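**Student:** Please see the structure below; I have some questions.
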Amino acid sequence: MLTKRIIPCLDVKDNRVVKGVNFLNLRDAGDPVELGARYSDTGADELVFLDITATIRSRKTIVELVEKVAENVFIPFTVGGGIQTVEQIDELLRSGAEKVSVNTAAVQNPSLISEAAQRFGNQCVVLAIDARRSKQQAGKWQVCVKAGSEPTDIDVVEWAARGEKLGAGEILLTSMDADGTQAGYDNQLNKAVTDAVNIPVIASGGAGTLDHLHDAVVEGGADAVLMASITHFGNYTITQMKEYLAGRGIPMNL
Amino acid sequence: MVVVIDYNVGNVRSVCNALRHVGCEAQLSSDPKAIEEATGLLLPGVAAFGYAMGELGTLAELIKEAAAGGIPLLGICVGYQMLFEKSSEYGPHNGLGLIRGNVVPIPRSQVVPHMGWNLVRLPEDMELFAGLGSEKHFYFAHSYFAEVSDPQAKVTYTDYGFELSASVQKANVYGVQFHPEKSGKVGLQVLRNFYEICERTETGA
């Protein structure tokens, strides 16, 4: 049986790890290579690096960063942020990333998912979705693009299911409403998506306590929990999270 | 010198990085001379089986000769699957045939690919897993697996709704279905153990 996974997320801007609240008010959390190596050494199951500036200039920086990370990180890691082409995915995988996440470009051009899956395998392709609760329709979420700045008319649950059909191997589901608040994951959102797809879903946004992690798995049906604030700023170690979850009967790699 | 065989498949860089981390300055090479002179061979692989065998080309014979000559050989993921006789991934393909068995798809009753951390039960008498205790989690990412039929091979298993072979050893030929280079400290220990096996073989200790 596969274990549930603990995945620290490193948002990278100008070669530093930063973390904000609801995608704003960024705080510095350290050097990405150092922080990545520390998580690799202390029992994280995977890492996610997101280039949150994703400009043309940062593209080259992120490839160099991936190479450095790969020299020091001995667990799987995903890289995302501003990825638009299969060639960029190829470059990042060759630089040492296991998986690449696509977001805005996949919404604009869904065939990016299928092309990448056919060329590199489903397991390499993570569909990242930034979800915001719809103000018009209760119990619905809309897909937001361009680092969450631009809402679309696309329904999150439908988009996740379509992503699976196109060949995504995993969904990285971020609740923009919960992100950085440390008030808990949006488990209605997580449940709606995990019920709609058969691929693993990584719950993201809102982790503040150990209980939140448990609820994302048990109530939300998540296969993995992603967090940033609570681990970067030292609230909990990876081991504390894993021991807590294992203690409540969840299979963990301890 | 331990040689990581470079044959145009993914992930060789990660394997070299991990070996360096455990003190093994391996040479990444496709040079027949380097392979003939190697004190240990590592065959990585992230690719489809047929593609990987095709890219290996004439190096396949050199690897078989080295293995027959007692040089420690470690196959990882598709490199592990290639140690067996045949695979059915995208049509039938012959492997290196160093260990009896066939590579077949994971049953569709399970989620495919088998991707993530799974618990492998480790026997006490396998040098590759020295110092790791009776069971450890390793990182897997694959859609096919080996059905081992070689009576001389030692096999370890993990539970994925059925008994899935996780590693194999027959004399100096070792293989792991999981990715030791991506399995954290536990995986690094496996690579360190392999490096020590190579060192011991070289000095005849």
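**Student:** How big is the charge dipole of the range A:95-254 about its Cα centre, in debye rounded to the nearest 20, if each Lys and Arg gets +1 on its Cβ and each Asp and Glu gets -1 on its Cβ? Working shown, then result.
**Tutor:** Numbers: 12 positive and 18 negative charges, 27 e Å.
The calculation lands at about 140 debye.
**Student:** So, by mean Cβ neighbours within 10 angstrom, what's the order for B:140-148, A:167-175 with the highest one leading? The partial results should precede the final answer.
**Tutor:** Details: B:140-148: 21.2, A:167-175: 25.8.
Averaged packing, sorted descending, gives the order A:167-175, B:140-148.
**Student:** Provide the percentage of antiparallel DSSP beta bridges, counting only those with both residues in the range A:97-168; round to the nearest 5. Walk me through the intermediate numbers first.
**Tutor:** Values: 7 of 10 bridges.
About 70 percent, rounded to the nearest 5.
**Student:** Taking each pair of distinct Cα atoms in the protein assembly as shown once, what is the resulting Kirkwood hydrodynamic radius in Å?
**Tutor:** Details: mean 1/r = 0.0446 Å⁻¹.
Result for the protein assembly as shown stands at 22.4 Å.
**Student:** Now for a different question. Provide the net charge surrounding A:Ala192, with neighbours chosen by a C-beta distance below 13 Å and charges set as Lys +1, Arg +1, Asp -1, Glu -1.
**Tutor:** On the way: positive: A:Arg133, A:Lys140, A:Lys191; negative: A:Asp155, A:Glu158, A:Asp186, A:Asp195, A:Glu219.
Its environment carries a net charge of -2.
**Student:** Related question: Hey, what number do you get for chain A at 222 nm if only DSSP H runs of n ≥ 4 count, each worth -39500 (n - 2.57), divided across all residues, to the nearest 500? Intermediate results must be reported in sequence, preceding the final value.
**Tutor:** On the way: 10 runs with 95 residues, N = 254.
Here the helix-only value at 222 nm equals -11000 deg cm²/dmol.
**Student:** Here's another thing I want to ask about it. Could you give the length gained on full extension between A:Asn72 and A:Leu254, defined as 0.36 nm per residue of separation minus the Cα-Cα distance, in nm?
**Tutor:** On the way: separation 182, 0.36 × 182 = 65.52 nm, distance 2.08 nm.
Extra length available between A:Asn72 and A:Leu254 comes to 63.4 nm.
**Student:** Please give the per residue volume of the convex hull enclosing the alpha carbon atoms of chain A, rounded to a whole number of Å³. Don't jump to the answer; show the numbers that get you there.
**Tutor:** Numbers: hull volume 28.3 nm³, N = 254.
Value for chain A: 111 Å³ per residue.
**Student:** Just tell me which lysines come within less than 23 Å, Cα to Cα, of A:Lys135; anything on the same chain fewer than 8 places away is out.
**Tutor:** Answer for A:Lys135, where 23 Å is the Cα cut-off: A:Lys146, A:Lys191, listed by chain and number.
**Student:** Given a 10 angstrom Cα cut-off, can you work out which residue in B:Pro107, B:Pro180, B:Pro44 is the most mobile in a GNM of chain B?
**Tutor:** Highest fluctuation of the listed residues: B:Pro107.
**Student:** Something else: Within 10 Å of each Cβ of A:65-74, how many other protein chain Cβ atoms are there on average?
**Tutor:** Values: counts 0, 0, 2, 0, 1, 7, 7, 2, 5, 17.
If you average over the peptide's residues, the count of other-chain Cβ atoms is 4.
**Student:** R0 = 45 Å: FRET efficiency of A:Ile154 with B:Ala171, Cβ-based, nearest 0.05?
**Tutor:** FRET efficiency, A:Ile154 to B:Ala171: 0.20.
**Student:** Something else now. Hey, got the Cα dimensions of the range B:38-139 along the principal axes, in Å, largest first?
**Tutor:** Taking max minus min along each principal axis of the Cα atoms, the range B:38-139 gives 38, 37, 21 Å.
**Student:** Once R0 is set to 30 Å, what does the formula 1/(1 + (r/R0)^6) return for the Cβ-Cβ distance between B:Asp150 and B:Arg121, expressed as a FRET efficiency to the nearest 0.05? Kindly include the intermediate steps, with their values, before the conclusion.
**Tutor:** Values: r = 19 Å, r/R0 = 0.63.
For B:Asp150 and B:Arg121, the calculated efficiency is 0.95.
**Student:** Highest first, please rank the peptides A:104-114, A:221-231 by the mean number of other Cβ atoms sitting within 10 Å of their residues. Don't skip to the end; give the middle numbers.
**Tutor:** On the way: A:104-114: 18.4, A:221-231: 23.2.
So the peptides A:104-114, A:221-231, ranked by packing, come out A:221-231, A:104-114.
**Student:** Net charge within 10 Å of B:Ser14 by Cβ-Cβ distance, Lys/Arg positive one each and Asp/Glu negative one each, not counting B:Ser14 itself? Could you put the intermediate results ahead of the total?
**Tutor:** On the way: positive: B:Arg13, B:Lys182; negative: A:Glu71, A:Glu98, B:Glu181.
Surrounding charge for B:Ser14 is -1.
**Student:** Above 19 Å lies some portion of the pair distances; for the range A:5-73, what is it as a whole percent of all C-alpha pairs? Don't skip to the answer; put the middle values down first.
**Tutor:** Details: 707 of 2346 pairs.
Across the range A:5-73, Cα pairs with separations above 19 Å total 30 percent.
**Student:** While we're on this one: Cα centroids of the range B:137-173 and the range B:1-79: how far apart, whole angstrom?
**Tutor:** Here the two parts' Cα centres lie 19 Å apart.
**Student:** Per DSSP H run of at least 4 residues, take -39500 (n - 2.57); add these up for chain B, divide by its residues and hand me the 222 nm value, nearest 500 deg cm²/dmol.
**Tutor:** On the way: 6 runs with 58 residues, N = 205.
Counting only the DSSP helices, I get -8000 deg cm²/dmol.
**Student:** Same structure again: So if R0 is 22 Å, what FRET efficiency would A:Gln188 and A:Lys165 give, r being the distance between their Cβ atoms, rounded to the nearest 0.05? If you can, show how the numbers build up before the last one.
**Tutor:** On the way: r = 23 Å, r/R0 = 1.06.
That gives a FRET efficiency of 0.40.
**Student:** With each pseudo-label sitting 7 Å past Cα toward Cβ, what's the A:Lys146-B:Lys64 distance in nm, one decimal?
**Tutor:** In this crude spin-label approximation the distance works out to 6.0 nm.
Values quoted throughout were computed directly from the atomic coordinates according to the rules given, and no laboratory measurement underlies them. Everything numeric here is computed off the predicted structure, so don't read it as measured data. Methodologically, a virtual Cβ is constructed for each residue, glycine included, from the backbone with ideal geometry; neighbour enumeration extends over all protein chains shown.
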